[in-house]
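As structure tokens, the structure follows; a few thoughts come after it.
The values are calculated or read from the model by the stated rules, or taken from the named source; none is laboratory data. As the structure is a computational prediction, the values presented were derived from the model and not from experiment. All Cβ positions, glycine included, derive from the backbone under ideal geometry; neighbour counts span all protein chains shown.
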Amino acid sequence: MSQHDLKLQIPLRIGGKMGWIVKMDEKGRIVIPRDVRDKFGLKKGDALQLEIRGNEMMITKLSTEATGRVNEQELNEFLSKQ
């Protein structure tokens, strides 16, 4: 792990919940810490669902059966309901 990785992945505990502080890069990407990837069996190319719940984001690994593509109109309709 490089020094750069260490700065971006800081474990913390808030209100009894385990979490990490990660920074988004200029392209909107974040790094999911290795501990989290290992715990959930995440591998390169896995499909993840980003769900908005109020002011929180939930990331869920999708099964291979649930990885259908969503077009931009469907995405905009979903986001407008949030």
Just need a number here: residues in segment 16-62 that are under 13 Å from the mean Cα position of the chain (by Cα) and assigned to a strand (DSSP E or B). 14
So residue 38 ticks every box in (1) modelled with pLDDT of 90 or more; (2) under 30 Å from residue 77 (Cα atoms) but one. Which box is left unticked? (2)
Against the definition (modelled with pLDDT of 85 or more and charged (D, E, K, R)), how does residue 51 come out, yes or no? yes
Taking segment 18-56, which residues are among the basic types (Lys, Arg) and touching a Phe, Trp or Tyr at 6+ places or on another chain (Cβ under 7 Å)? none
